[in-house]
Amino acid sequence: MNNINFRIKSHKEISNLELNQIIALKDEHWSYGVESQKKWIESNLEPDDIHFMCFYGEILVAYLNMIHIKIQVNDSSYKMLGIGNVCVEKNFEHSGWGKKLLLETNRFILDHHFKGILLCKENLIAFYKKCGWIKIENSNIMLINEKYHNYLMSFPVETKDIIFHSHNNIFIEKNF
């Protein structure tokens, strides 16, 4: 495990080689095709959004993106990082790479004084909890203009206490 290398790059700094590696990895998990993956990235990531990559040697083994977003909680607006597209190369799944990626992401969030949120399905809650994320309870969540029926999680812990209280109306401006 000595060959672990984290690369954190803004979208405007990403090389074509790295972008192609990201697209190939994402397509292992969400098989929309390479062109569709590329189009999603071009449509949803702004120049200052972040690609968070974990390499083992030269192999991209884990990836996520961090998108600068604003969310509305009742009558207040907050700037946050939306964590999305968390994935691990199929040959490396269930061997700790996802956790390494999330713990390094947590460090980045804390070091830069950000607040993070992520959207997830029920089967992933336990994994994210192991990585220090907190499930937001009993909120009415709108993602863009549709009711979101899965789960919202936050990091660090204070994000839950300060921003999210039960029975809030939360509006998230874009997908991530």
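The values are calculated or read from the model by the stated rules, or taken from the named source; none is laboratory data. None of the values given here were measured: they were computed from a predicted structure. When we count neighbours, we look across all protein chains shown, and the Cβ atoms used for this are built from the backbone with ideal geometry, even at glycine. Quick note on the areas: whole protein, heavy atoms, side chains included, nothing else; ligands and nucleic acids left out. Shrake-Rupley method; radii C 1.70, N 1.55, O 1.52, S 1.80 Å.
Considering the range 93-113 alone, what residues qualify as being touching a strand residue (DSSP E or B) at 6+ places or on another chain (Cβ under 6 Å) and open to solvent by 40 Å² or more (accessible area, probe 1.4 Å)?
Glu104
Can you tell me which of (1) within 14 Å of the chain's Cα centre (by Cα); (2) of a type in the set (Phe, Trp, Tyr); (3) more than 21 Å from Leu152 (Cα to Cα) is the one Phe52 doesn't meet?
With (1) within 14 Å of the chain's Cα centre (by Cα); (2) of a type in the set (Phe, Trp, Tyr); (3) more than 21 Å from Leu152 (Cα to Cα) applied to Phe52, the lone miss is (3).
What are the pairs, 6+ residues apart or on separate chains, where a residue within the range 136-159 that is farther than 13 Å from Leu118 by Cα has its Cβ under 6 Å from a residue that is open to solvent by 60 Å² or more (accessible area, probe 1.4 Å)?
Listed pairs, sorted by first residue: Glu137/Ser166; Asn138/Ser166; Asn138/His167; Asn140/Asn169; Met142/Phe171.
Among the residues of the range 138-151, is any touching a strand residue (DSSP E or B) at 6+ places or on another chain (Cβ under 8 Å), modelled with pLDDT of 95 or more and either in a loop (DSSP other than H, G, I, E, B) or buried (at least 18 other Cβ atoms within 10 Å of the Cβ) (or both)?
Looking through the range 138-151, none of the residues is touching a strand residue (DSSP E or B) at 6+ places or on another chain (Cβ under 8 Å), modelled with pLDDT of 95 or more and either in a loop (DSSP other than H, G, I, E, B) or buried (at least 18 other Cβ atoms within 10 Å of the Cβ) (or both).
Which one is least open to solvent (accessible area, probe 1.4 Å) among residues in the range 21-46 that are of a type in the set (Asp, Glu) and without any contact (Cβ under 8 Å) to a residue 60 or more places away in the chain?
Of the residues in the range 21-46, the ones of a type in the set (Asp, Glu) are 27-28, 35, 42, 46.
From the residues that got through so far, the ones that are without any contact (Cβ under 8 Å) to a residue 60 or more places away in the chain too are 27, 35, 42, 46.
Details: Asp27: 40, Glu35: 134, Glu42: 117, Glu46: 97 Å².
Applying the filter and picking the extreme gives Asp27.
Can you tell me which residues in the range 114-133 are within 14 Å of Gly82 (Cα to Cα) and open to solvent by 40 Å² or more (accessible area, probe 1.4 Å)?
Across the range 114-133, the qualifying residues are Phe114, Lys115.
Can you find a residue that is within 18 Å of Asn3 (Cα to Cα) and not hydroxyl-bearing (Ser, Thr, Tyr) anywhere in the range 28-50? Break it down stepwise before answering.
Initial filter on the range 28-50 (within 18 Å of Asn3 (Cα to Cα)): none.
No, there is no match, as no residue in the range 28-50 is within 18 Å of Asn3 (Cα to Cα) and not hydroxyl-bearing (Ser, Thr, Tyr).
Listed here are the residues, each with its yes/no results for (1) outside any strand (DSSP E or B); (2) open to solvent by less than 70 Å² (accessible area, probe 1.4 Å); (3) among the aliphatic types (A, V, I, L, M).
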position: Asp48; (1), (2), (3): yes, no, no
position: His51; (1), (2), (3): no, yes, no
position: Phe55; (1), (2), (3): no, yes, no
position: Ala62; (1), (2), (3): no, yes, yes
position: Ile67; (1), (2), (3): no, yes, yes
position: Ile71; (1), (2), (3): no, yes, yes
position: Met80; (1), (2), (3): no, yes, yes
position: Ile83; (1), (2), (3): no, yes, yes
position: Val86; (1), (2), (3): no, yes, yes
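Find all pairs meeting these conditions: Cβ atoms under 7 angstrom apart; at least six residues apart or on different chains; first residue within the range 8-20 and closer than 21 Å to Ile109 by Cβ; second residue open to solvent by 90 Å² or more (accessible area, probe 1.4 Å) and not in a strand (DSSP E or B).
His11/Glu46
Filter the range 1-20 for residues that are outside any loop (DSSP other than H, G, I, E, B), open to solvent by 70 Å² or more (accessible area, probe 1.4 Å) and of a type in the set (A, V, I, L, M, F, W, C); which is farthest from Met80 (Cα to Cα)? Break it down into steps so the answer makes sense when it comes.
Filtering the range 1-20 down to residues outside any loop (DSSP other than H, G, I, E, B) leaves 4-13, 16-20.
With the extra rule that they be open to solvent by 70 Å² or more (accessible area, probe 1.4 Å), the set shrinks to 8, 12-13, 16-17, 20.
Right, trim to of a type in the set (A, V, I, L, M, F, W, C) and you get 8, 17.
Values: Ile8: 17, Leu17: 28 Å.
For the range 1-20, the residue satisfying everything is Leu17.
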